[in-house]
1. All but one of (1) of a type outside the set (Phe, Trp, Tyr); (2) in contact (Cβ under 8 Å) with a residue 60 or more places away in the chain; (3) in contact with a helix residue (DSSP H, G or I) (Cβ under 8 Å, 6 or more places away or on another chain) hold for Asp64; state the number of the condition that does not hold.
2. Kindly indicate the residue of the range 430-471 that is outside any helix (DSSP H, G or I) and among the small types (Gly, Ala, Ser) and also farthest from Ala533 (Cα to Cα) among those meeting that condition.
3. Report, by residue number, each residue of the range 710-727 that is among the acidic types (Asp, Glu) and not in a loop (DSSP other than H, G, I, E, B).
4. Ser292 - would you say it is under 28 Å from Arg91 (Cβ atoms), within 19 Å of the chain's Cα centre (by Cα) and touching a residue at least 12 places away in the same chain (Cβ under 8 Å)?
5. Looking at the range 234-257, I want the residues that are aromatic (Phe, Trp, Tyr) and have a partner that is surrounded by fewer than 19 Cβ atoms within 10 Å (Cβ to Cβ) with Cβ atoms under 9 Å, at least 6 apart or on another chain. Which pairs are those?
6. Is the range 604-617 home to any residue that is of a type in the set (A, V, I, L, M, F, W, C), part of a loop (DSSP other than H, G, I, E, B) and either crowded, with 19+ Cβ neighbours inside 10 Å or out of contact with any helix residue (DSSP H, G or I) (no Cβ under 8 Å at 6 or more places or on another chain) (or both)?
7. Within the range 490-527, count every residue that is among the polar types (S, T, N, Q) and either free of Cβ contacts under 8 Å to residues at least 24 places away in the same chain or surrounded by fewer than 23 Cβ atoms within 10 Å (Cβ to Cβ) (or both).
8. Is at least one residue of the range 223-241 farther than 25 Å from Ser428 by Cβ, more than 18 Å from the chain's Cα centre (by Cα) and part of a loop (DSSP other than H, G, I, E, B)?
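Here, each number is a calculation from the coordinates, and none is a lab measurement. All figures in this text were calculated on a predicted structure; none of them were measured in a lab. Heads up, the Cβs are rebuilt from the backbone with ideal geometry, glycines too, and the neighbour counts pull from every protein chain shown.
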Amino acid sequence: MTLHLFMAGVALIAGATANAYSSETYHTESHDNMSGSSTALQPCAKADTLHSPDGNLVLSFFSDNNGQPTYSLDYKGRPVILPSTLGYVLRGDLKATVISFEGDKGVKKDAHGKVSFHDGFSVESIGRKSFDETWSPVWGEEKKIRNHYNELAANLVQTATGRRMTIRFRLFNDGLGFRYEFPEQEKLSYFVIAEELTHFAMAGDHKAFWIPGDYDTQEYDYTESRLSEIGNLMPKAVTGNSSQTVFSRYGVQTSLQMKSNDGLYINIHEAALKDYSCMNLELDPKNLTFVSHLTPDAQGWKGYMQTPCTSPWRTVQVSDDARQLLASRLILNLNEPCAYDDVSWIRPVKYVGVWWEMITGKSSWNYTDEYPSVKLGVTDFAHSKPNGRHGANNENVRKYIDFAAENGFDQVLVEGWNIGWEDWADKSKDYVFDFVTPYPDFDIKALNEYAHSKGIRLMMHHETSSSVRNYERHMQAAYNLMEHYGYNSVKSGYVGDILPRGEHHYGQWMVGHYLYAVTEAAKHHIMVNAHEAVRPTGLCRTYPNLIGNEAARGTEYQAFGGSKPFHVTILPFTRLNGGPMDYTPGIFEQDLKKFCSNTSHVNATIANQLGLYLTMYSPLQMAADLPEHYEQFEDAFQFIKDVPVDWKESRYLLAEPGDYIVVARKAADADEKSPEYAVKAAGKWFAGGVNDENAREVSFHTDFLDPGRKYLAKIYADAEDADYKTKPQAYVIYEKKVTSKSTLKLHMAPGGGFAIEFEEVQ
């Protein structure tokens, strides 16, 4: 049967069932006739359809001739996902190993077979449900989020084995989420995943913004290309990292942003990743179909499951307007509500830190250069010779505390405070840090007291060097130390290959660790910002002390040779789709050689760096540059001091992935615990934009402002001759009176941007 005939049959059924299910309804339909032995034309009659609440998206589900669960997705009558099969390959139930002898040598051989769990299914019943609620996040881009979807649950049984599985589809106005559910059952209690076979058959050779599929790092520059070009471009797209495992010439990571020739914006990702391996996508270049590729463990298996259990949600977001993808909250909506009864201790944070000077090479993390090898508890740091470059010293930290207090920041991050940095990296070292013992020049008690006296908290830093067993060994003592000295947030890091050796950053075991660190931190009222961890999938809704992640190529890479200017126009579509990023913006001195030996250039203008505080949403925002550089440009720095980090409402005004983003946000209301900058900003509108490598004039209406009121727009913009390469520090600051009926026209330089604060006036 041709696709045309199949979709015509689907359309007839869809027209009869559209909007048939209202909120709070749920029922099932018997499917005794839905076996896998049908003739070629029968799928038309067996297709079950589901509409989004607004009717624009149509999901079709059926079982093909081999009993393979199959789905397709249309948007406004245009194909998004062509018929694509679903299911698994499982590890067989045979004895795990066979021992034999080859001469005198004992040989252990894997005797596991593999069994299909993707065909031979019949559909026992179809359940339907509609749901509509509005919920409030602890922090976020808005204070009210609508969760509105129609649901179809296909209850399946594999005829030959009697094993059962449910595939649950939820269709929102902004996209599709679906997952596998495995009920408790005698014939499938414990099982091992050899591979998940979720297919996404694309309807064309779309333009895509992608990074290489990798089990250990997301820190790649994006490549823009057609799907068909991925294979040829992959070798150039793979750049070096301290830990990386690229698995295929055709493998890419989620969140994958695409654009079709007919103007559809399509994004594939996952939501609610827990107790499961992170998903990559592998492209079949012949038919332009992606198939899920899970991160394996040290033995090569993809997941260890015990029923009842579920997979994460697989997501397909789609719109003909790029702005709607940025405004989508589908990933959050597919996660469970907040797991904590008390969230009063979770607060957005604006911070500075002893960080950029180490990243650029101006200072060091380590205290001494005397020891090529350190053994904790044995090495005598008290009598060692300081190298004179250690950034986390008492005098320097006090300087940052003073700067934070004078300029209204909340916290100061200090890296390199604890012993062990002399041989921390690339040694595959187990006992690398203890997370409690400071260097001789870091007085943890005195510095915390000094910070608290000025209304500032220090932010803890836990670099694990990916020795995960060691971190878990010390975690409770580390969190207890934080509690004792009044720390309420920690930046953790996972640089290098994982210990236990053979495990990967994004495998099931590590996914479990990252969440364990967050839930244990919550018991101590500690917020977590994990770097080099698995990319977020909306878990911050359920565990809002997961206040940030890195999980992408951040500002630090501007000191490692630079990132492409269009990088920041892609991240909000991809990395930020699953949760906020600790991107660490605010670099004002782009030529690093002016203050250290680093010859890298930051590929951004000052106005671009200001715009990031609006376009790169995060409740955790750093002013990353050195205090002396902010003092050099005090007028531009004023915007970083004024901009809040928690929002009541967000409006995406202009957007095109890889080109530009313009957003307006209304500051959240303040309370008695809010810092001064949040109190001053409460209820105000701010706007910001970022640009790629091409100069651009943008125009947008200010209809987000309250009608009938007058505002003074303070605009921080690129100068006419600004350029990220040649004149990155060329900016202008001016004011303009506006109303809700005004139109603003602004120049964005190559690698540029802008930022605006709106103040109501009489």
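1. (2)
2. Restricting attention to the range 430-471, the residues satisfying the condition of being outside any helix (DSSP H, G or I) are 430-443, 454-467.
When the remaining residues are screened for being among the small types (Gly, Ala, Ser), the result is 455, 465-467.
On the way: Gly455: 31, Ser465: 12, Ser466: 10, Ser467: 13 Å.
Checked the range 430-471; the qualifying residue farthest from Ala533 (Cα to Cα) is Gly455.
3. Taking the range 710-727 as the starting set, the residues that turn out to be among the acidic types (Asp, Glu) are 718, 720-721, 723.
Selection gives Asp718, Asp723.
4. Working: under 28 Å from Arg91 (Cβ atoms): yes; within 19 Å of the chain's Cα centre (by Cα): yes; touching a residue at least 12 places away in the same chain (Cβ under 8 Å): yes.
Yes.
5. Phe247/Glu282; Tyr250/Gly231; Tyr250/Glu282; Tyr250/Asp284; Tyr250/Pro285
6. Going through the range 604-617, the residues of a type in the set (A, V, I, L, M, F, W, C) turn out to be 604, 606-607, 610, 612, 614, 616.
Within this subset, residues satisfying the condition of being part of a loop (DSSP other than H, G, I, E, B) are 604, 616.
Cutting the leftovers down to either crowded, with 19+ Cβ neighbours inside 10 Å or out of contact with any helix residue (DSSP H, G or I) (no Cβ under 8 Å at 6 or more places or on another chain) (or both) gives us 604, 616.
For the range 604-617, residues of a type in the set (A, V, I, L, M, F, W, C), part of a loop (DSSP other than H, G, I, E, B) and either crowded, with 19+ Cβ neighbours inside 10 Å or out of contact with any helix residue (DSSP H, G or I) (no Cβ under 8 Å at 6 or more places or on another chain) (or both): present.
7. Initially, the range 490-527 is screened for residues among the polar types (S, T, N, Q), giving 492, 508, 519.
Still in the running and either free of Cβ contacts under 8 Å to residues at least 24 places away in the same chain or surrounded by fewer than 23 Cβ atoms within 10 Å (Cβ to Cβ) (or both): 519.
Summing the residues that are among the polar types (S, T, N, Q) and either free of Cβ contacts under 8 Å to residues at least 24 places away in the same chain or surrounded by fewer than 23 Cβ atoms within 10 Å (Cβ to Cβ) (or both) in the range 490-527 gives 1.
8. no
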